[in-house]
Each structure stands twice: as structure tokens, then as C-alpha cells.
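Data block below; observations after.
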Amino acid sequence: MTTPQDELLPGTRRALLHRIAVAQAEGRAPSLVAAVVRDGRAVWHGARTSVDGHGPDRNVQYRIGSITKTFTAVLVMRLRDEGALDLGDPLEKHLPCTGTGEATIAQLLAHTGGLAAESPGPWWERTPGALRPELADVLGDQPFLHPAGRRFHYSNPGYSLLGALVEQLRGVPWDEALRREVLEPLGLDRTTTRPQHPHAGGWAVHPWADVMLPEPTEDFGRMAAAGQLWSTAGDLARFAAFLAHGDDRVLSAETLREMRTPAAPAEETDLRDGSAYGLGLRVEARSGRLLVGHSGSVPGFLASLTLSVDDDVAAVVLSNCTSGPMVSQVAADLVCIVAEAEPRFPAPWRPLREVDRTVLELAGQWYWGTSPFALRLTADGLLSLGPLSGGGRRSGFRANGDGSWTGLEGYFAGEVLRAVRRPDGTVDHLDLGSFVFTRQPYDNGADVPGGVDTGGWRGIG
């Protein structure tokens with residue numbers, strides 16, 4: 001059974017429109033525009049506005065603030081995939097004399113470099129970038145607040161440094177590298193560093209009166225890589241599809257999975273709200289779903305991009321006010337509305353085309369000590385190992401081509417699984433990072449560490 005993948009049911013569309021209508025009204029936003037993506041395609045667009053007859057469409061630009069950081073992270077990961085840098089490199093290796101010491105590229109991407117949250121001096125988002133012409137002006141005399149690598153501390157200057165890194169290794173300005181390597185290949189022709197008509201104006205809404213004040217629109221200069229971009233609901237919908245599926249012209253799906261993996265130690269507050277940070281992407285648990293994306297906030301604008309990889313549903317929400325609607329919550333709600341009202345159909349089960357009998361003989365029940373596990377050979381060619389019941393350590397394993405497999409997630413990520421055979425070729429046990437799995441609990445015919453009591457299993461008497 002199939003359903004059209006480019007349509008939503010009328011009830012779903014009404015629920016989406018109702019959600020953004022409530023957000024715009026209760027958040028007192030001059031305008032709010034949203035889009036939903038499913039299976040890599042935009043399937044819904046909605047808008048609400050305070051001006052009759054002037055509702056923004058998916059082509060109207062809004063400033064997206066820190067969603068810019070995800071674009072910058074994509075550029076850095078491209079450099080890593082090309083071999084131009086290693087994420088473990090100290091930034092100083094490529095940008096000497098910045099005063100960042102041993103802070104690594106990965107730490108800057110994950111906001112664990114120890115840098116301050118903001119640039120010193122006047123509020124950088126409301127003042128000209130010309131006030132901070134050099135990286136030294138962005139960092140100030142005391143750029144570090146914490147030891148590198150010890151804790152998550154969101155840092156706008158850290159992403160300014162990553163933009164400078166891109167410029168150093170590409171030999172062109174950050175925005176030029178972004179245009180050539182990301183925006184043009186993905187068809188994001190309405191994503192720019194300066195506003196282009198049609199675009200929304202940025203407003204501050206008085207907290208105690210229904211009146212507004214225009215916000216200044218500054219060029220951030222050296223801080224551009226942290227929050228400069230303008231974009232549209234249509235462009236960000238396409239970008240969300242890329243973040244979910246990858247595009248080999250820009251980044252592979254495997255690298256994007258790496259970006260979505262938590263890379264920063266969780267703070268106490270993060271543990272309470274179920275959130276973490278990867279490499280240029282926020283990761284959080286909401287309503288039983290793992291959501292990935294980024295939010296943005298600059299004077300006059302709020303933005304959020306959120307996706308559920310498991311549901312293959314994403315949402316974008318843009319508004320033109322300094323504070324008001326909780327756009328991150330709205331975007332998460334839009335994802336959940338679609339995922340719950342129209343749950344994804346699983347792909348049809350299909351068997352393997354070919355099977356290696358030496359691998360097939362490993363399938364079935366194994367025991368780690370007395371704990372029963374199941375090892376399955378799946379249609380995607382992976383091995384899956386996990387406890388037969390309840391929680392516990394589980395992982396998929398990818399073949400290495402030499403008869404061994406490497407764990408892909410959880411406790412066993414990176415650990416190597418091997419079948420240890422007897423001289424006659426039969427399997428004695430499985431070895432997984434020194435853990436021994438046998439066909440029977442504490443099998444006395446297998447090489448169990450510490451040996452097995454020769455008296456065998458017995459009662460209490």
C-alpha cells in the first residue's frame with residue numbers, strides 16, 4: 001500500500017495552519033512563515049501576518065541568525081572529507097597566532113573550545129562589523145572562559161574563527177566559498193549574506209503594548225559565519241532535506257550522520273531537557289522523538305529548522321520579531337503533527353540477494369556469560385547484535401572485508417567483532433572487544449576467560 005508522498009491530508013494541513021496561527025497570535029509576531037518537508041520534498045507551506053493581504057510566501061527572505069552556523073559547519077566538514085584538515089587539529093595549526101592554544105576544530109564545531117559566548121565590546125548583532133575588523137577584535141584580550149574540551153559553552157566567536165579557517169584554506173571569502181560549494185549545488189538561490197527583495201523587515205515588539213520598533217540591520221563583518229545569512233522557507237526546506245539525506249556534491253549521508261551525533265559533554269540543564277550538541281547541529285529528544293537542527297535569533301528575527309530523521313519529516317519556521325513566538329517549539333510541533341497524523345510507511349521487507357554461509361552460521365542465539373543475545377544478519381548486509389529482552393548493549397556491525405565487523409553505535413561503536421574458530425573450522429566463540437559470546441551460557445567447550453567450573457551447573461543442595 002502506498003500514499004502520495006507530495007500531499008498531506010486535509011486534517012493534517014489544518015492542524016499545521018492552526019499551530020502557526022496560534023504561534024503568531026500569542027507570540028505577537030508581525031509575520032510568521034513555515035514549511036514542512038517529508039521524504040525529502042516540501043509538502044506544506046503556511047503563513048500568518050498582521051497586515052491583511054500581505055502574507056509572506058516561501059520566497060520571502062528572513063534573517064536566519066545562528067542557522068548560519070550549520071552552513072559554516074558543512075563547509076568545515078567538506079574540508080575534513082577532502083583531507084585538508086583533521087577535526088582533531090588545533091585551530092592554530094591552520095590559523096597561527098590566533099591565541100586559541102590547543103582548542104581543536106572539532107571543539108569549536110561542538111562549542112567545547114572554552115571560548116566566551118560573545119565578542120567583547122558593544123552588542124555585535126546591533127553594531128557594524130567594521131568595529132571588529134580583525135579576529136583579535138572578535139576574541140578580545142581574554143577569549144577563554146573554560147578549559148578546552150571540558151564543557152559545552154555556546155560560542156559565537158568560535159564560529160567566526162571557523163569562517164576564517166574556511167577562508168584561509170579556500171583562499172576566498174567565507175561567503176564566496178559558501179555560495180560555490182553549498183548554495184549553488186543545492187539550488188539555494190534565495191540564501192544570501194545581504195537581504196534581497198522580497199524580504200521581511202525586522203521588528204521589536206513592545207513587551208507591554210501592541211506597538212513595534214524597527215530593528216537595525218547590520219553587516220556582521222568578521223562575525224558573519226556565526227549569523228549573517230538571510231534565507232527563505234523554501235530554501236531552508238531544501239536544506240533540511242539535504243541534512244536528512246545528504247548530497248554527494250556537498251556532503252555524504254555518512255558525514256551528516258557524524259554531524260548529528262552528540263559531540264559535546266552534556267550540562268546538567270541539557271540532561272534535564274534531553275538536548276545535546278553535535279558538529280554544527282543541536283540534538284534533542286521531544287515527544288519520544290530524536291530531533292536535529294538549529295535555531296537562530298538576531299535582533300528583529302527568529303528562526304528554527306528541525307528534522308526527525310526516523311520519521312523523515314522536517315519543519316522550518318521564520319518570524320520577523322526580536323522576541324515572541326517560541327519558534328523552536330513550533331517547528332518541533334509541526335514535525336510531530338505530521339509524524340503522528342500520517343506515520344511513515346516502513347519500506348517493504350526484502351531478503352538478501354546473496355548470503356555468505358560462513359556469516360549465516362553465526363546467526364542465532366549467543367550468551368555473554370548468562371545473558372542471552374541474538375545475532376541477526378539483516379537485508380542491508382549488516383550484523384545486528386542485541387539482548388533478547390529488555391534494555392542492554394546493542395549495535396549494528398559493518399563488515400570489514402577480512403571476516404571481522406566493526407560496531408556502529410552505542411557501547412560497541414568502533415569495537416571489532418570476530419568469530420574465533422577451532423582448528424577444525426567450527427566456531428568456538430565470538431570475541432567483541434574482549435567480551436566472549438558462546439552458544440551456551442558459560443559453555444565449557446569454549447574458550448571462556450577464567451574457565452568454567454568442571455562440576456558444571458548444579459542446584460543449591
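The values are calculated or read from the model by the stated rules, or taken from the named source; none is laboratory data. Just so it is clear, the structure is predicted and the values come from calculations on it, not from any experiment. Because the Cβ atoms are built from the backbone with ideal geometry, glycine has one as well, and the counts that use them run over all protein chains shown.
For the subset of the range 367-376 comprising residues that are more than 35 Å from the chain's Cα centre (by Cα) and not β-branched (Val, Ile, Thr), which member is nearest to residue 452 (Cα to Cα)? Applying the filter and picking the extreme gives 369. Considering the conditions (1) among the charged types (D, E, K, R); (2) assigned by TED's automatic domain parsing to the domain that holds residue 299; (3) more than 30 Å from residue 27 (Cα to Cα), residue 333 is excluded by exactly one of them, (3).
For a quick check of your reading: which helices (runs of 4 or more DSSP H) sit entirely within the range 205-300 and have at least 1 residues that are of a type outside the set (A, V, I, L, M, F, W, C) and closer than 19 Å to residue 81 by Cα? Let's see the steps before the verdict.
Details: elements: 224-227, 233-245, 253-260, 268-273.
Of the helices (runs of 4 or more DSSP H) lying wholly inside the range 205-300, those with at least 1 residues that are of a type outside the set (A, V, I, L, M, F, W, C) and closer than 19 Å to residue 81 by Cα span 233-245, 253-260.
Restricting attention to the range 413-435, the residues being in contact (Cβ under 8 Å) with a residue 40 or more places away in the chain and under 16 Å from residue 364 (Cβ atoms) number 4. Selection within the range 298-351: residues that are on the phi > 0 side of the Ramachandran plot and modelled with pLDDT of 95 or more. The member of this set that is surrounded by the fewest Cβ atoms within 10 Å (Cβ to Cβ) is 312. Screening the range 436-452 for residues that are surrounded by fewer than 17 Cβ atoms within 10 Å (Cβ to Cβ) and in contact (Cβ under 8 Å) with a residue 40 or more places away in the chain and picking the one that is nearest to residue 361 (Cα to Cα) gives 439. Out of all the residues in the range 241-255, is one or more free of Cβ contacts under 8 Å to residues at least 24 places away in the same chain and farther than 17 Å from residue 181 by Cα? So far as the range 241-255 goes, yes, one or more of its residues are free of Cβ contacts under 8 Å to residues at least 24 places away in the same chain and farther than 17 Å from residue 181 by Cα. The criterion of being in a loop (DSSP other than H, G, I, E, B), assigned by TED's automatic domain parsing to the domain that holds residue 225 and closer than 19 Å to residue 166 by Cβ holds for residue 87. For residue 22, state whether it is among the β-branched types (Val, Ile, Thr), without any contact (Cβ under 8 Å) to a residue 24 or more places away in the chain and surrounded by fewer than 23 Cβ atoms within 10 Å (Cβ to Cβ). Answer is yes for this residue. For the range 24-44, a tally of residues being under 23 Å from the mean Cα position of the chain (by Cα) and of a type outside the set (Val, Ile, Thr) returns 8.
Hey, can you tell me all the residues within the range 58-101 that are of a type in the set (A, V, I, L, M) and more than 19 Å from the chain's Cα centre (by Cα)? Write out each step before concluding.
Residues of the range 58-101 of a type in the set (A, V, I, L, M): 60, 64, 67, 73-77, 79, 84-85, 87, 91, 95.
60, 84, 85, 91, 95 - these are the residues of the range 58-101 that are of a type in the set (A, V, I, L, M) and more than 19 Å from the chain's Cα centre (by Cα).
Here is a check on your reading of the model: is residue 56 farther than 12 Å from residue 159 by Cα, modelled with pLDDT under 95 and assigned by TED's automatic domain parsing to the domain that holds residue 243? Let's see the steps before the verdict.
Working: farther than 12 Å from residue 159 by Cα: yes; modelled with pLDDT under 95: yes; assigned by TED's automatic domain parsing to the domain that holds residue 243: yes.
In short, yes.
Of all the listed residues (133, 128, 122), the sole one being free of Cβ contacts under 8 Å to residues at least 12 places away in the same chain and surrounded by fewer than 19 Cβ atoms within 10 Å (Cβ to Cβ) is 122. May I ask you to verify whether residue 91 is buried (at least 23 other Cβ atoms within 10 Å of the Cβ) and in contact with an Asp or Glu (Cβ under 7 Å, 6 or more places away or on another chain)? Here the answer is no, as residue 91 does not meet what is asked. If we scan the range 61-69, do we find a residue that is surrounded by 14 or more Cβ atoms within 10 Å (Cβ to Cβ), assigned to a helix (DSSP H, G or I), touching a helix residue (DSSP H, G or I) at 6+ places or on another chain (Cβ under 7 Å) and not β-branched (Val, Ile, Thr)? Within the range 61-69, one or more residues are surrounded by 14 or more Cβ atoms within 10 Å (Cβ to Cβ), assigned to a helix (DSSP H, G or I), touching a helix residue (DSSP H, G or I) at 6+ places or on another chain (Cβ under 7 Å) and not β-branched (Val, Ile, Thr). On inspection, residue 287 does not qualify as at pLDDT 95 or above and not hydrophobic (A, V, I, L, M, F, W, C).
The set of residues in the range 263-303 that are in contact (Cβ under 8 Å) with a residue 60 or more places away in the chain and among the hydroxyl-bearing types (Ser, Thr, Tyr) comprises 277, 295, 297.
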